[in-house]
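The values are calculated or read from the model by the stated rules, or taken from the named source; none is laboratory data. Nothing here was measured: the structure is a model prediction, and the numbers come from that model. In this analysis, Cβ positions are derived from the backbone assuming ideal geometry, glycine residues included, and neighbour counts consider all displayed protein chains.
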Amino acid sequence: MFEPSDKPRVFGVPPGADFPSTLVNGLLHRTKDLPPEALGRAVLIVNTRRMARRIRALFDAGPPRLLPRIQLVTDFGETVALGNIPAPTSPLRRRLGLVQLVRALIDKEPDLAPRAALYDLADSLATLFDEMQGEGVTFDALANLDVSAHSDHWARALKFLTIVQQVEDQSTHPDPSARLRMVSEYLAQLWQEVPPQHPIILAGSTGSRGATNLLMQAVAKLPNGALVLPGFDFDLPDHVWETQLDDMLTGEDHPQFRFRKLTTALDLRKRDVGEWHGSDHNSARNRLVSLALRPAPVTDQWLSEGPKITDLDDAMANVTLVEAPSQREEALSIAMRLRKAAEDGQKAALITPDRLLSRQVTAALDRWGILPDDSAGEPLHLSAPGRFLRQIAALFHQKMGAEALLALLKHPICHSGELRNYHLLLSRALEQRVRRKGPPFPDAETILSFAEKQTHDIAPAWANWVNSTLIGLDSGQERPLTEHVDLLIELAERLAAGSQTDGSGRLWESEAGQKARSVMDKLRDAAEVAGTMGPEDFANLLTAILQGEEVRSSATPHPQILIWGTLEARVQGADVVILGGLIEGSWPEAPTPDPWLNRAMRAEVGLLLPERRIGLSAHDFQQAIGAPEVWLTRALRGSEAETVASRWLSRLTNLLDGLGPKGKTALSDARKRGQHWLGLVRSLEAVQQVAPAPRPAPCPPVIARPRQLSVTQIKRLIRDPYAIYAREVLRLRPLDPLMKAPDALMRGIVIHEVMETFIKTALDAPERLTTEELIDLTRTTLDQHVPWAEARLMWLARMARAAEGVVQGELRRREQGRPAGFEIPGQARINEVDFTLTAKADRIDLDANGNALIYDYKTGAMSTPNQQKSFDLQLLLEAAMAEQAGFKDLDPRHVVRAAFIGLGANTKEVDAPLEDLSADEVWARFSTLIQQYFDADQPYTSRRAMFKADMEGDYDHLARFGEWDVTALAERSILT
């Protein structure tokens, strides 16, 4: 297959070529004159299972022949008799074993990281050890590091690493990278002594990892061994190769740096790397991109070599540059091009590391019924089983509120066994009950009392099932991880099965369920090494583990429309390649922070630098941009700010912009092609102009208009009549929140109860009219009625600040009169239109002459006297009612004072303007107002006289406020 050579055999495939196809064609070309068994004796080592499948598919296309043995780099050691090399340990088991050490470190030094990062730190620590073993770096190298010039954080981290070394030294099973290195070293020695005579070809790997690099060197030195490198830049000048790619600190972010390191280890020059086989690729574009990606110290070569590129038209032919105003438009333009490819029968691929962009493109394609073949799939923690497990685990450390309870009961997996229809009926009825009456944190008694009022036969068993699976899980106690996992699986299966059957319902049935079951089984098998942990640590651990797994749908995707990550794109080919999300922070991705070693420390001990990932991303970019037709896309603005173009895209555009008229024209043409597609996106998204909704002013029939309102509703009738129409005529009520919040309404209710109890107590025992008594009573009432600790503390602090003012004001009020009643109901009628006005006075006092003093407690802002004259008529109307009809158990009597009492930051009193408006005048004006609304032509105008233009109303969305503003004229509509 190969000519004899005294040098290691290294071949390359240029960027833009279909690597698997070129590899297979080269194999067939080299064996065409050999016996049929020659190809069957060859061993082909590739770096991904996807590439192995693609090569097998190319061979399967025919004609019939013996096939080479295709193996993976990671599995290569399994086929060799390696009895003296132990099996690798499970990555999950290794990380769980480190969790105990990291937890002890965080307990001792809490400022190092939050507890939510427990598993992430263990994962980064395991990754560091795996990398050390793969790169051949010993713990002694770490121990010899000089950290005197670094901050205390790195010295502390290094000290911890030396402690962990003792645990690592006791491990009898190596990490996967360590075992691969041991395999590589073993094979290198074995092959040196007894080299195999059959061809061995290692193809598709860049050698970025130390263990893989060793294996590649061993294969290249075999008599019948060869390496085939993907995306090798044959256009890079020798002097750049020799002088600029030999320094790790300055050259590692170059796409060809790893190849330079490999050839140096093999004592080869760049010219010693031959082309594997002829392939279809754009030579002109490769030369342009090679120049654009030169190392930073020699970018001045643009000036000398740039003018020599004369075939810019060929280089930029079929290159489209899409610079979209937003991420949405970028995704839509990509989706439209993929749709056209599907129509034309082209194979098209989106290559991007941005998972958000790929999900947006998938969603956009759904409008045309196209399901792309996404290599990544869906993150397991976002799947239905993943969310179900995480919601249950959260109950181990959080007190279960109404939101968490209903979210679980209404989850599609919950009660997926028998009689799910009845389960949903009960769940929805429970939701209505909780919304109306609470409590915010349902308990077993709440569930049982609810079930007693239901007519469904399964209600009692259903309530017991809910109580036994969901209530009282927040014990907060530490348990061994094995117990946490067993309890989670048990509860999840019982919840999924439901109250009427055993089993696990549909929890483990789908692809996501099967994947979740596999992950949970692995976690249970490895849990013994993690020791004990608290419920919150377990919930964080579970989320982190599920986040690292992905699940693919079994739905058949479109065979020609593909979405690849950069790793998959290295070994695939397509007619149309779209490089999406070309912005800094996405492509290349920002380096993952290393909490254990900084960049200088890594370089000193010989570990991989963060720039390694940048160099690999650069290599992916250089390889993908050579496709027959290529799109380069980015969004000019992200969700929060303007974006910065990817460094490689910036290099390419800057180079073209500096190459004179031809370069500017080529760049301009690429942008014009992109603008064409963005224009199509705007056309697709264009909507027909629709006239905005008018300002509503409905006139319902008189018979349907409200016959009773409370004094607190009159302010709304004056300011926003449409709200009264929606509430009283249409019978629409705002939906109560599922989880009642400690809002202003609740605070007002609680403080009103405090004041009523406080004043009643002080009537019989005046010595208890003190600030201490008020604060103690507030604390007791808050403990009874407010289940939120933060709200209790805040409201108690507010009352403590206001207590002195409240007590002094009460002493002054005692000099004017004595309380005669609290929360006193009353009503008055307007007989001409059969209308009743109702009220409930917070408090009515009587002076020595029997005159009434009306008080209303306010925890918020109080209306001024001028506002009370025209809008907030509450106190004035209550005074008129007291004089005309009286309140319950109080005869009509003269009102000498009506006032708001402040119980918030302002503890002053604001009097109603009784001296300006008599009770008769107030009632006459009010009667006129009500009678006007019983005129068939009187409309209920939306937002007629709001205090502020930006004030929100409960029914603004129904009135479609926003399509019109406060300057718009109302459009009266007669309703029948």
Any idea which of (1) of a type outside the set (Gly, Ala, Ser); (2) in contact with a Lys or Arg (Cβ under 9 Å, 6 or more places away or on another chain); (3) not in a helix (DSSP H, G or I) is the one residue 385 doesn't satisfy? (3)
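Taking the stretch 494-522 as the region of interest, how many residues are within 21 Å of residue 549 (Cβ to Cβ) and either crowded, with 16+ Cβ neighbours inside 10 Å or in contact with a strand residue (DSSP E or B) (Cβ under 9 Å, 6 or more places away or on another chain) (or both)? Walk me through how you get there before you give the answer.
Keep residues of the stretch 494-522 that are within 21 Å of residue 549 (Cβ to Cβ), which gives 496, 504, 506-522.
Going one step further and asking which of them are either crowded, with 16+ Cβ neighbours inside 10 Å or in contact with a strand residue (DSSP E or B) (Cβ under 9 Å, 6 or more places away or on another chain) (or both), we end up with 496, 504, 506-508, 510-517, 519-520, 522.
Selection size over the stretch 494-522: 16.
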Output for the stretch 959-976, where each listed residue is surrounded by 14 or more Cβ atoms within 10 Å (Cβ to Cβ), touching a strand residue (DSSP E or B) at 6+ places or on another chain (Cβ under 7 Å) and either without any contact (Cβ under 8 Å) to a residue 24 or more places away in the chain or outside any loop (DSSP other than H, G, I, E, B) (or both): 959, 964, 970, 971, 972
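Which fully enclosed helices (runs of 4 or more DSSP H) of the stretch 559-677 have 1 or more residues being modelled with pLDDT of 85 or more and closer than 23 Å to residue 374 by Cβ?
On the way: elements: 566-569, 599-605, 611-624, 647-657.
So the answer is 611-624.
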Is there a residue in the stretch 241-257 that is under 30 Å from residue 130 (Cβ atoms) and β-branched (Val, Ile, Thr)? yes
The residue that is nearest to residue 814 (Cα to Cα), considering only those in the stretch 859-890 that are without any contact (Cβ under 8 Å) to a residue 60 or more places away in the chain and charged (D, E, K, R), is 883
Looking at residue 826, is it farther than 24 Å from residue 908 by Cβ, among the small types (Gly, Ala, Ser) and in contact with an Asp or Glu (Cβ under 8 Å, 6 or more places away or on another chain)? yes
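What are the residues in the stretch 855-912 that are in a strand (DSSP E or B) and in contact with a Gly (Cβ under 9 Å, 6 or more places away or on another chain), if any? Full working, then the answer.
Taking the stretch 855-912 first, the residues in a strand (DSSP E or B) are 855-858, 887, 890, 895-902, 909-911.
857, 858, 887, 890, 896, 897, 901, 902, 909, 910, listed by residue number.
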Going by the conditions given, is residue 337 out of contact with any His (no Cβ under 9 Å at 6 or more places or on another chain) and free of Cβ contacts under 8 Å to residues at least 60 places away in the same chain? no
Of all residues making up the stretch 190-214, the number that are within 18 Å of residue 86 (Cα to Cα) and more than 37 Å from the chain's Cα centre (by Cα): 1
Restricting the first residue to the stretch 123-142 and requiring it to be among the polar types (S, T, N, Q), which pairs with a second residue that is buried (at least 18 other Cβ atoms within 10 Å of the Cβ) and assigned to a helix (DSSP H, G or I) meet a Cβ separation below 7 Å and a spacing of at least six or different chains? 133/177; 133/178; 133/181
Does residue 426 satisfy the criteria of being touching a residue at least 12 places away in the same chain (Cβ under 8 Å), crowded, with 18+ Cβ neighbours inside 10 Å, under 32 Å from the mean Cα position of the chain (by Cα) and farther than 30 Å from residue 746 by Cβ? no
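Considering the stretch 893-933 alone, what residues qualify as being over 30 Å from residue 850 (Cα atoms) and buried (at least 17 other Cβ atoms within 10 Å of the Cβ)?
Pass one, the stretch 893-933, residues over 30 Å from residue 850 (Cα atoms): 904-905, 928-933.
904, 930, 933 - these are the residues of the stretch 893-933 that are over 30 Å from residue 850 (Cα atoms) and buried (at least 17 other Cβ atoms within 10 Å of the Cβ).
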Please specify each residue of the stretch 733-788 satisfying the condition of being closer than 29 Å to residue 405 by Cα, at pLDDT 85 or above and among the small types (Gly, Ala, Ser). 748
Here are some residues: 581, 585. Which one is on the phi > 0 side of the Ramachandran plot, among the small types (Gly, Ala, Ser) and touching a helix residue (DSSP H, G or I) at 6+ places or on another chain (Cβ under 6 Å)? 581
Enumerate the helices (runs of 4 or more DSSP H) found wholly within the stretch 728-832, keeping only those where 2 or more residues are charged (D, E, K, R) and closer than 26 Å to residue 875 by Cβ. 744-764, 789-816
Under 7 Å by Cβ, and 6 or more places apart or on different chains, what pairs join a residue from the stretch 150-178 that is at pLDDT below 70 with one that is of a type in the set (Phe, Trp, Tyr)? 165/139; 168/129
Name the residues in the stretch 69-110 that are of a type in the set (D, E, K, R), at pLDDT below 80 and not assigned by TED's automatic domain parsing to the domain that holds residue 122, would you? 75, 78
In the stretch 330-348, how many are part of a helix (DSSP H, G or I) and either surrounded by 16 or more Cβ atoms within 10 Å (Cβ to Cβ) or of a type in the set (Ser, Thr, Tyr) (or both)? 12
Hey, among 50, 95, 56, which residue is assigned to a helix (DSSP H, G or I), surrounded by 13 or more Cβ atoms within 10 Å (Cβ to Cβ), charged (D, E, K, R) and over 32 Å from the mean Cα position of the chain (by Cα)? 56
Give the stretch 942-958 a look and list any residue that's in contact (Cβ under 8 Å) with a residue 60 or more places away in the chain and under 25 Å from residue 863 (Cα atoms), or say none. 942, 943, 944, 945, 946, 947, 953, 954, 955
If residue 508 meets every condition in (1) among the hydrophobic types (A, V, I, L, M, F, W, C); (2) touching a Lys or Arg at 6+ places or on another chain (Cβ under 8 Å); (3) under 30 Å from residue 132 (Cβ atoms) apart from one, which number is that one? (3)
With of a type in the set (Gly, Ala, Ser) and touching a helix residue (DSSP H, G or I) at 6+ places or on another chain (Cβ under 6 Å) as the only criterion, which of 342, 284 stands out? 284
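Within the stretch 947-956, can you find the residues that are surrounded by fewer than 16 Cβ atoms within 10 Å (Cβ to Cβ) and either closer than 27 Å to residue 702 by Cβ or touching a Leu at 6+ places or on another chain (Cβ under 6 Å) (or both)? Break it down into steps so the answer makes sense when it comes.
Keep residues of the stretch 947-956 that are surrounded by fewer than 16 Cβ atoms within 10 Å (Cβ to Cβ), which gives 947-952, 954.
954, the sole residue that qualifies.
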Within the stretch 219-247, restricting to residues that are among the aliphatic types (A, V, I, L, M) and part of a helix (DSSP H, G or I), the one that is modelled with the lowest pLDDT is 240
